Protein chains: 2
Amino acid sequence: MADESQKWVLLVTARTPTNIAVIKYWGKRDEKLILPVNDSISVTLDPDHLCTTTTVAVSPTFDHDRMWLNGKEISLSGGRFQSCLRELRSRAGDVEDKEKGIKISKEDWGKLHIHIASYNNFPTAAGLASSAAGLACFVFSLAKLMNVNEDQSKLSAIARQGSGSACRSLYGGFVKWIMGKEENGSDSVAVQLADEKHWDELVIIVAVVSSRQKETSSTSGMRETVETSLLLQHRAKEVVPKRILKMEEAIRNRDFASFAQLTCADSNQFHAVCLDTSPPIFYMNDTSHRIISLVEKWNRAEGTPQVAYTFDAGPNAVMIAHNRKVAGLLLQRLLYHFPPNTDADLSSYIVGDKSILQDAGLEGLKDVEALPPPPEIKNNIPSQKSRGDVSYFICTRPGKGPVYVSDESHALLNPETGLPK
Amino acid sequence: MADESQKWVLLVTARTPTNIAVIKYWGKRDEKLILPVNDSISVTLDPDHLCTTTTVAVSPTFDHDRMWLNGKEISLSGGRFQSCLRELRSRAGDVEDKEKGIKISKEDWGKLHIHIASYNNFPTAAGLASSAAGLACFVFSLAKLMNVNEDQSKLSAIARQGSGSACRSLYGGFVKWIMGKEENGSDSVAVQLADEKHWDELVIIVAVVSSRQKETSSTSGMRETVETSLLLQHRAKEVVPKRILKMEEAIRNRDFASFAQLTCADSNQFHAVCLDTSPPIFYMNDTSHRIISLVEKWNRAEGTPQVAYTFDAGPNAVMIAHNRKVAGLLLQRLLYHFPPNTDADLSSYIVGDKSILQDAGLEGLKDVEALPPPPEIKNNIPSQKSRGDVSYFICTRPGKGPVYVSDESHALLNPETGLPK
């Protein structure tokens, strides 16, 4: 083991994206190993707009494992972290940094303690899959620190044990989580279907919806669905396997009409089985419903889908537009129905890739106020405007997978002390 | 045929209840004959609080069929009325009223015209199964006028062709609509499981929920579900048949815990298949969800169900309380969460059987304002009050089936002219 008198700190920093499922994961067949009842498919979101950055550190001076999330120390005792840590420690390898004079042998990892600092570049509580990105980053960065010699797919199986959907955040682009057959979960891994360049015209707009409802956590929610829904097994065994094949084909062929139809139908069916749970689980609210209605109405008016929508375990809408032009038209519609408060700043109401805003000809609040009703509602009474029902919008796109950040100035832990900067 | 120079008008008046399904009807296997994809079970609501009154008249002076609903003339050309009229005319019998000197032979009914006036003692547009009560009353009163010699069950098959759930309004108490097997629908009839005296401690409270959403009609909604939901067939074939048996047993044994569990689960599953429709159908809104949450939380706190809830094709909640004491406690909770506007009159906010209000110790608005938070939410932050989200509450109970009203002073048509009074 390294000499305890040495004051070295070894650091690794990584950045990992969030992902949004287009064929949903809902229901575990094994609670402990986190093995799902069906395959799922996701799109990785551009980490420039939504990602977790994590720095992990090891030092002989650390006397216990510690973790900070967005600057605040949190407990590492939860099963999700411990499962991942156990898996990683058992696979850790020898590490040598001659320059710093550090030598850690495989066996040392059982005794050494680690520090972890994690930061989300988006609100953690907003229901934007922060745990998926977080656990993926946790595993990805520790695997590098501990010299875990496993391919990305094996790492995904470790991340899966921290948070199911985290396994899909280990790849960019379009990712499939294969449910697997093995009892030990060894074949329940993520694989990349296509990278983010395969279908790079897609634009993603996330509506962060205000909510006063306390939400059911996805962990307990899916347990209750498995225990009480009489529709879930039919979905998992009969509906999803066919949808997975169709979705893979739609992605392969960049067939937006099929992609949108499957994405919307599967989001709705996931929320249907939540409602079929006892007691019922509601993740979408009236604002979510209004967003669905406006997209459905527009898609129907155009005769072919322009935009797909999908909702995770919360009221936020994730909308996937066919291309930049459609995204601009979508943004006009969203801002027509959900204008910002009159004293708001448009640049804090639309975040992420703001160039979509310029494409849509929306330079400021004045342009938003001047938006005409979209043609598909023209014959109806202009619908009520819903100021304040959406907190803000994030414009983004499909993005790449995890990366290591070599520049130590971006580390979240001090390289001298191993404590948050 | 009766002498055309005679100016006689023959009248029949009847009163028919609404009903609320506790195992839901959703989806037709035959659109024209209105044959459902599964059996359903309903509770008939007390006609003193929710019913349709209909007067039908025949006279040689009428030159075409006419109908008035709530005083306003409406078209009778719709398929639903025409199907019922055709069936009734084909079964009409000889009618003789010696006192008035009226004689109508079986064959005359093909040439004679009728007038119909119908009145709901509750708001028609409030989504309270007005079409079920209305069509049932239409058939029930015309059958008497035309001397249709069929039993109640055969009449239910005629009413079914006007509006599916209307067949269940031909009986009081607890009613089952048997889906039947015959292609011509002859065995798709309603039967009474138990009359209203069988389980007379139940109390029903309807929350009429304010909505700004335009709702999908149940006719087109269920068609779209049949065409697009991948869960409906599984519900109809695998889930409902078992539930029907359990529900019949729960009603037979007055087993409230089972009754409530089945009622809530089936309401939620019906809304789940609506959500699984493309485009998705939302009948419940945030207020509906809050009512479900408050009932579920209370039921859980008590350890055994106190109240069942069920929602039809709209946001209104129908709550069934185990007995009067529970109904009083339910009303306290509903008024705590959904108080009337401060300038409102409590007696127009709680309508129907107001004695529940007195049982609950609520004499006026002051008592409502003084309500403490229910014990099951005590440890939480007192939840936000939702003034205005509920329009009013109706207190009622299971009730009896259709009756003829012999007192001609209650007729809605003038016995001299056959026109609305």
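Residue count for region A:14-50, restricted to those that are buried (at least 24 other Cβ atoms within 10 Å of the Cβ), touching a helix residue (DSSP H, G or I) at 6+ places or on another chain (Cβ under 6 Å) and either among the β-branched types (V, I, T) or in the same structural domain as A:C264 (by the TED database) (or both): 6.
For region B:189-215, the set of residues classified as within 23 Å of B:T263 (Cβ to Cβ) and of a type in the set (S, T, Y) consists of B:S211 only.
When every residue of region A:31-54 is checked against the conditions, at least one turns out to be touching a residue at least 60 places away in the same chain (Cβ under 8 Å) and farther than 29 Å from A:T263 by Cα. Taking helices (runs of 4 or more DSSP H) as the structural unit, those lying wholly within region B:311-372 and holding at least 1 residues that are within 18 Å of B:I204 (Cα to Cα) correspond to B:324-337, B:346-349, B:355-359. Against the condition touching a strand residue (DSSP E or B) at 6+ places or on another chain (Cβ under 7 Å), surrounded by fewer than 24 Cβ atoms within 10 Å (Cβ to Cβ) and farther than 30 Å from B:E215 by Cα, how does B:I102 come out, does it pass? Against the criterion (touching a strand residue (DSSP E or B) at 6+ places or on another chain (Cβ under 7 Å), surrounded by fewer than 24 Cβ atoms within 10 Å (Cβ to Cβ) and farther than 30 Å from B:E215 by Cα), B:I102 qualifies.
Quick one: is A:S118 touching a helix residue (DSSP H, G or I) at 6+ places or on another chain (Cβ under 7 Å), surrounded by 21 or more Cβ atoms within 10 Å (Cβ to Cβ), closer than 18 Å to A:A21 by Cα and not basic (K, R)? Against the criterion (touching a helix residue (DSSP H, G or I) at 6+ places or on another chain (Cβ under 7 Å), surrounded by 21 or more Cβ atoms within 10 Å (Cβ to Cβ), closer than 18 Å to A:A21 by Cα and not basic (K, R)), A:S118 does not qualify. Checking each residue in region A:341-358 for being farther than 14 Å from A:Y392 by Cα and surrounded by 15 or more Cβ atoms within 10 Å (Cβ to Cβ) picks out only A:I356. Considering region B:65-112, the residues that are assigned to a loop (DSSP other than H, G, I, E, B) and acidic (D, E) include one that is farthest from B:S131 (Cα to Cα), namely B:E99. The single residue among A:I356, A:I377, A:I320 that is touching a helix residue (DSSP H, G or I) at 6+ places or on another chain (Cβ under 8 Å), farther than 30 Å from B:S211 by Cβ and either modelled with pLDDT of 90 or more or not small (G, A, S) (or both) turns out to be A:I356. Taken together, the residues in region B:165-197 that are aromatic (F, W, Y) and surrounded by fewer than 18 Cβ atoms within 10 Å (Cβ to Cβ) amount to 0.
Here's the yes/no breakdown for (1) of a type in the set (D, E); (2) at pLDDT 95 or above; (3) at positive phi:
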residue	(1), (2), (3)
B:A132	no, no, no
B:V139	no, yes, no
B:C167	no, yes, no
B:F174	no, yes, no
B:E183	yes, yes, no
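The listed residues are A:E248, A:E302, A:E238, and the only one of them that is over 30 Å from B:S211 (Cα atoms), among the acidic types (D, E), more than 23 Å from the chain's Cα centre (by Cα) and modelled with pLDDT of 95 or more turns out to be A:E238. Taken together, the criteria exclude B:R168 from residues that are in a helix (DSSP H, G or I), of a type in the set (K, R) and assigned by the TED database to the domain that holds B:Q269.
Counting only helices (runs of 4 or more DSSP H) that sit wholly inside region A:197-295, those with at least 3 residues that are at the interface with chain B (Cβ under 9 Å from one of its Cβ atoms) are A:256-275. Here is the figure for region B:121-164: residues that are assigned to a loop (DSSP other than H, G, I, E, B), surrounded by 23 or more Cβ atoms within 10 Å (Cβ to Cβ) and aromatic (F, W, Y) total 0. Remark: A:G418 falls outside the filter, which requires a residue to be in a loop (DSSP other than H, G, I, E, B), within 20 Å of the chain's Cα centre (by Cα) and modelled with pLDDT of 90 or more.
The values are calculated or read from the model by the stated rules, or taken from the named source; none is laboratory data. Everything numeric in this text was worked out from a predicted model, so none of it was measured. Note that each Cβ is placed from the backbone with ideal geometry, even for glycine, and that neighbours are counted across all protein chains shown.
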